[in-house]
1. So PHE579 clears everything in (1) within 29 Å of THR271 (Cα to Cα); (2) open to solvent by less than 30 Å² (accessible area, probe 1.4 Å) except one condition, right? Which one?
2. Which ones in the range 493-551 are over 26 Å from the mean Cα position of the chain (by Cα) and among the polar types (S, T, N, Q)?
3. For the structure I just gave you, tell me whether VAL415 is in contact (Cβ under 8 Å) with a residue 40 or more places away in the chain, farther than 30 Å from ALA574 by Cβ and either open to solvent by less than 80 Å² (accessible area, probe 1.4 Å) or not in a helix (DSSP H, G or I) (or both).
4. If only one of ALA272, ALA254 is at pLDDT 95 or above, part of a helix (DSSP H, G or I) and buried (at least 24 other Cβ atoms within 10 Å of the Cβ), which one is it?
5. If a residue must be under 30 Å from MET551 (Cβ atoms) and open to solvent by 40 Å² or more (accessible area, probe 1.4 Å), how many such residues does the range 584-605 contain?
6. Of the residues in the range 276-298, how many are open to solvent by less than 30 Å² (accessible area, probe 1.4 Å), among the small types (Gly, Ala, Ser) and over 24 Å from the mean Cα position of the chain (by Cα)?
7. Looking at the range 76-91, I want the residues that are among the β-branched types (Val, Ile, Thr) and have a partner that is part of a helix (DSSP H, G or I) with Cβ atoms under 6 Å, at least 6 apart or on another chain. Which pairs are those?
8. How many of the residues in the range 434-466 are exposed (fewer than 13 other Cβ atoms within 10 Å of the Cβ) and in a helix (DSSP H, G or I)?
Amino acid sequence: MLSDVTTPQDLDERFREAVGALAVPAARRSPDEPVRDGGTLTGEAALELFDAQLTSRHLDLAARWLRSFGEGYYTIGSSGHEGNAAVAAAVRPTDPALLHYRSGGFYCARVAQATPGGALSRPVAGAGAEGGEEAPRTEDRAGAATAGAAGRDDADGVDDADPISAAARDVLRGVVASAAEPIAGGRHKVFGNAGLAVIPTTSTIASHLPRAVGVGFAIERLRRAGTAPRGSGRQRPPAFRAGAETRSPWPADAIVVCSFGDASVNHASATAAFNTAGWCDHTGLRIPVLFVCEDNGLGISVRSPEGWVAAALRARPGLRYFAADGCDLVEAYEVAAQAAAWVRRHRRPAVLHLSTVRLMGHAGADAEVAYRPAAEIARDVERDPLLATARLLAEAGLATPEELLARYDEVGWQVRKVAEEVLGEAKLTAPPDIVAPLAPRRPVRVARAVTEAATRAAGPGAAARAAAFGDRLPEQEGPLTLAQTINAALADGLLDHPGMAVFGEDVATKGGVYGVTKGLRERFGVTRVFDTLLDETSILGLGLGGGLAGMLPVPEIQYLAYLHNAEDQIRGEAATMQFFSQGAYRNPMVVRIAGLAYQEGFGGHFHNDNSVAVLRDVPGVVLAVPARADDAAPMLRSCLASAAVDGTVCVFLEPIALYHTRDLYAEGDGEWLAPYAGPGGWAGSHVPIGRARVYGVGSAEDITVITFGNGVRMSLRAAARLAEEGIGTRVVDLRWLAPLPVADIIREASATGRVLVVDETRRSGGVGEGVLAALVDAGFVGSARRVASIDSFIPLGPAARQVLVSEDAITQGARTLLAR
């Protein structure tokens, strides 16, 4: 029964029956003419888009066929959404695209755009035009993605000159988890290809939308920076890397295309992205992003209320709204072309709302007949976009029903052939191969980058550096606090990295809540140091997009507790990018976060958060915690260099309570201050990622205290008291909580045979658990004990002392350990 269509076989039979019944018109349109009166889409382009739609449909069928005998691992398909191929035709192959998992038609059409000689490889009539006028176009620096999927000669010797086979091989390699898959290498099934400007995203809940806003922001920021004429009177921020201006990997007039499903409209990440795009537009900032909502009315089994998605999208301030029937190829194309041209010309955000249908359920295992009436399913089948395009072509006389069915079978045969070929391809089998692209570490290159920065700062950049610091260099200022040192190191970073930008809540005008970024905006300008709206998801999204575009973002999260509002932007987006693209894409970033506890008399649990478990749990993320001024600058330089060299995602966690601390043992001793090292000392003071610092107090032979952050100062004070009792202590400042300095931990623990772990984070899920596990894994046979904060939120005022580690607890813990 047609009303029960839910299986691939039924959908296939329905298509064949309906196409076979199409009438043949008396007149025949030329392929060069519009395929329908009143439109601009030509018959030739419509035929190629039909091929892209057919390829996408047969990929869905092949995925389910592979799954039927255990060789396919992904069956979420694009059936019913194939009209999104028209969106690909309406934009340029050099426009970066972040695609929804049902945007298979778009991907197949993008591959066809990269095939020389095809209709889609040439600008389609109307594409990029608004009101019939061709939008201004810059010269593509790298050409129209011709190094992409189509026409390539793969490393495995496969030459897919045909766009159908090329797209099929890309997608099906992902379905079977082949190690030869071109973007993720078998780690996940994604739509992604660096040569096609398709940025991989595994999002099902709109978590890629904030990144898309960030990419648009960066494209426009770099475009404006690149077009500022020399001698135009516009002041340029000081810098001393001549010729090292940051250049976007995409053309200056590119727009960002970002697709998502209707259910995602309700997600906080989508709300953040729409709000930020609108906020920027309202303030005069340009964000050239075209959001594409593919609305099939369902989020798995939950319906979007009738009219809700349209109402929600229309109501977004700052977003121009366009709508089209995504099952009608001509209408979808015409409206998409208008929307893309508007975004490209005005450099402002817009949303294209495509009405689609979902065929064959959410995924292969989804029995939609359990929650959808048969009549509703049948209505969706009647709107099948493949059938609509076949009818369009037949009515234009561009193909007979027999020819259409023959093409359907030909594409199906090509896709099935590729499916059979990829079955035997190798899978990832070794852990080192799997994690290789996750977080590449090249410490020698990072150290060299620090040395080269010092050479530039002392040589050709000396004058610019002196000007930036007002002719009083930080190394001439005398001993500095932790906050002052970070400020100076940020300034040196901005001087050395032209693409570096510092941004977040209150970082520019105010100079940070604690003054850490004070004066940077005045020295480097509002394009390098700027305030953002109050939304952590969007702050990180701007950083993610900026990193992709070639910038070196340094976003600030005002307090550690605020990170939890947005942590998926680090876990789900930032940390996975190199993993799911084999390093083809990366988002270098140094996220500064003010955190940890011990703010006497201020705050409560939001301003004194001592939980870092979520950061230590994310694979590949570097977590730095500088306790002292003389460590802060070298560690920040290491993070910046690692981000620039390896694309590392670094979190630089700054202990708030130590920002302005001056004394260590006695009031007025100034021993927590340290002089700032000039460029001549940068190489010698370099702190590699994952290396600890060791202090010897007394004989340093009796006990090893392993700690970090505020614990360093407390442990040194406790060690001084123990020294008066004749107890020698080694105090190990971990400095890096991810990766932990395991070799240093083992060496220093073995030196005394007694280890006290001082952990200011919570007892459950705290850093101390990782330290103790490292000791056990290494076969440590000495004595070990831990003092940690209790499992509690931090209360307001003096009560905070009752739940946090104290100096007395450290001293008593050491005595107890020594008494064993």
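The values are calculated or read from the model by the stated rules, or taken from the named source; none is laboratory data. What you are looking at is a predicted structure, and each value in this text was computed from that prediction instead of being measured. All Cβ positions, glycine included, derive from the backbone under ideal geometry; neighbour counts span all protein chains shown. These accessible areas exclude ligands, DNA and RNA; they are computed on the full protein's heavy atoms, side chains included. Shrake-Rupley method; radii C 1.70, N 1.55, O 1.52, S 1.80 Å.
1. Among (1) within 29 Å of THR271 (Cα to Cα); (2) open to solvent by less than 30 Å² (accessible area, probe 1.4 Å), the lone unmet condition for PHE579 is (2).
2. Answer for the range 493-551, where residues must be over 26 Å from the mean Cα position of the chain (by Cα) and among the polar types (S, T, N, Q): just THR509.
3. Here the answer is yes, as VAL415 does meet what is asked.
4. ALA272
5. Count: 2.
6. Residues in the range 276-298 being open to solvent by less than 30 Å² (accessible area, probe 1.4 Å), among the small types (Gly, Ala, Ser) and over 24 Å from the mean Cα position of the chain (by Cα): 1 in total.
7. VAL87/PHE106; VAL87/ALA336; VAL91/ALA340
8. Residues meeting the conditions: 2.
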